[in-house]
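Contents: one structure, followed by commentary.
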Amino acid sequence: MLRNNEHNNAELQEDWNKYGESSFSFEILGEYGTEEESMRREQELIDRTIGSSYNIGSSVNGGDLFTNNPRKEDIREIRRQQASGKNNPMHGVPK
């Protein structure tokens, strides 16, 4: 998705485009015997790095993708425009 300029994390995509693929590395931080242990350890890492990493979700399952999103005001404005006037599915429908 990053290579196709289609990643849903706008800040990560912006940095990828600005600095290039060669500026990034991806590595396995740990291997665990069960999915539960893997998810627990991932959550611990998210909790320690929230606000200082590219994670915009607050939990291993995604969770709140809005509160820590660096583009939340842009997203709020886009949603407002998408739901106003003729874009609103209730536009023109009698109350």
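Before moving on, here are some points about what is shown:
- The residue that is nearest to Pro70 (Cα to Cα), counting only those in the range 25-39 that are surrounded by 11 or more Cβ atoms within 10 Å (Cβ to Cβ) and free of Cβ contacts under 8 Å to residues at least 12 places away in the same chain, is Ser38.
- Selection status of Glu21, open to solvent by 100 Å² or more (accessible area, probe 1.4 Å) and modelled with pLDDT of 90 or more: no
- Residue tally, condition loosely packed, with under 12 Cβ neighbours inside 10 Å and at pLDDT 75 or above, over the range 49-70: 1
The values are calculated or read from the model by the stated rules, or taken from the named source; none is laboratory data. Bear in mind that the values here come from a model prediction, so they are computed numbers and not experimental data. We place every Cβ from the backbone using ideal geometry, glycine too, and count neighbours over all the protein chains shown. These accessible areas exclude ligands, DNA and RNA; they are computed on the full protein's heavy atoms, side chains included. Shrake-Rupley method; radii C 1.70, N 1.55, O 1.52, S 1.80 Å.
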